[in-house]
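Read-outs throughout are calculated quantities, based only on the coordinates presented, and are distinct from any laboratory measurement. As the structure is a prediction and not an experimental result, all values here were calculated from the model. Positions of Cβ are generated from backbone atoms using ideal geometry, with glycine treated the same way; all protein chains shown enter the neighbour counts.
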Ligand SMILES: Cc1cc2nc3c(=O)[nH]c(=O)nc-3n(C[C@H](O)[C@H](O)[C@H](O)COP(=O)(O)OP(=O)(O)OC[C@H]3O[C@@H](n4cnc5c(N)ncnc54)[C@H](O)[C@@H]3O)c2cc1C
């Protein structure tokens, strides 16, 4: 029997699942095995964590078995990787198992680490300090919000980069809507605290959209670099001496790459893997590629970005197999809906070179979605994204009109 | 948009936010003048940080406050003491390099 080579995908989240579905269609099954490993058996729809705390989505809406999104031809290994040995082309797992690879695709995502900031996971953690970036965090916050009597709500970003950088802002908008509907908006003081100089990560969007905060009566504290959380006096303090008091702190702790990256010595200071921003090949070794939140490339960490990257990476993996030159095709394209509350949303589209633009999406001049403008249609787009995610995106079915490379048509610069 | 700016007898290109867009135009005199504009009076320690930042920039290493805190040049607390409020923004402005893109 001919000896088959192995493509190992590490992580079966958004990135790994898309890649498995794409590769299986093109890679010759007589010469290649495709193996995918994940520490858990559950696939979480993380964009849903934004809606869970407000009771807009339920638990069942955001979790499904990993296996049901993987093609039968792909071998799923439910194990946690403990070390990548790039010299030996092997991944070691906690159980003691090891898997040899010819091509490794790292898709281990990013997670929060609340221990990075003094006092953040102190006695008040999950009592008056919450996150919504994990399933458990979002669930605990839902219970808290259901009975909370009001006071100072502080929505906070610890440091950049974070995945889905607009999620905390959306959280503030949805909180405004949530407490409004409960008839207690006057009892809640909402403050948005960010390490950036403005509400949005891109100056163009900040300038266009800061009116939303005023309209919704949300205070903003910018350039805030948190040093510690004071559990006793309930306040957050920054390095320059600024202090913001809270009754309820909803924070996005430091986002880091997976521990296995750190243990393998493959990451930067936040455990993100140095990656070529055009080809998505790692800088560690030519037969290691990186996809999704695990990379260190300078674009947003988001499911939509992962989806665009996957198309380019797929091509490059095939080229690598055929010993052809890789194409530096990824342009940093990101496309995200921003919930603004009250049944409306915004849509922004940008890449490495272009800041968020105005215009129409996905079809030039027609839309139906409007870029950088609030609309009801955009909100339906955001909710429809969950269906698209489970039914098309993960399975690598083409999404009509939406292209990996950012299209400049129908957009105003 | 790029604008021209006169500074200590030099013409430099800057963007809307006042960041230099062409590092080759930078010299210590300009750095000194940009510091004054940002209400910083430079000490040897300030220069050490600026030099570190410029070296990293030339090597294409993305900069962040965390990175500088781990540089061995200053810790985060000192970095804030040297360049109060928004240290990374102020320091990169003085160093004549683009604003770090860690903000996405
Ligand atoms: C609150 C919130 C809202 C969001 N909203 C949006 C949105 O509206 N639109 C959008 O496009 N994106 C959004 N995102 C971002 C999106 O969810 C992520 O960018 C996307 O899931 C990244 O995919 P990934 O595969 O890189 O990582 P993940 O999907 O996180 O998958 C990583 C996988 O790797 C596994 N893993 C990690 N380490 C190991 C190990 N050592 N061994 C084995 N397995 C391991 C994990 O178990 C996990 O299954 C949001 C995220 C959050 C948290």
Report the full-extension gain for the segment residue A:242 to residue A:373: residue separation times 0.36 nm, less the Cα-Cα distance, to one decimal in nm. 43.8 nm
Just from the alpha-carbon atoms, what are the Rg and Dmax of segment A:204-281 in angstroms? 18.0, 49
How would A:331, A:41, A:247, A:353 line up from fewest to most surrounding beta-carbon atoms within 10 angstrom? A:353, A:41, A:247, A:331
Return P(r) of segment A:334-393 (all Cα-Cα pairs; 10 Å bins starting at 0; whole %; ordered from short to long distances). 25, 51, 24, 0
Roughly what % of DSSP beta bridges within segment A:113-252 run antiparallel, to the nearest 5? 30 percent
When chain A is treated as a Gaussian network with springs between alpha carbons less than 10 Å apart, the largest mean-square fluctuation among A:163, A:323, A:208 is found at A:323
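Please order A:30, A:307, A:379 by the number of other Cβ within 10 Å, starting at the fewest.
By the 10 Å Cβ count, ascending: A:30, A:379, A:307.
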Rounded to the nearest 5, what % of the DSSP beta bridges within the protein assembly as shown are antiparallel ones? 55 percent
Summing -39500 (n - 2.57) over every DSSP H run of at least 4 residues in the protein assembly as shown and dividing by its residue count gives a helix-only mean residue ellipticity at 222 nm, to the nearest 500 deg cm²/dmol, of -8000 deg cm²/dmol
Residue separation between residue A:407 and residue A:144 times 0.36 nm, minus their alpha-carbon distance, gives in nm 90.4 nm
At q = 0.17, 0.19, 0.20 Å⁻¹, what is the log10 ratio I(q)/I(0) for segment A:113-252, with the Debye formula run over Cα points and no solvent? -0.93, -1.18, -1.31
For each of B:81, B:90, count neighbouring Cβ atoms within 10 Å of the residue's Cβ, then give the residues from fewest to most. B:81, B:90
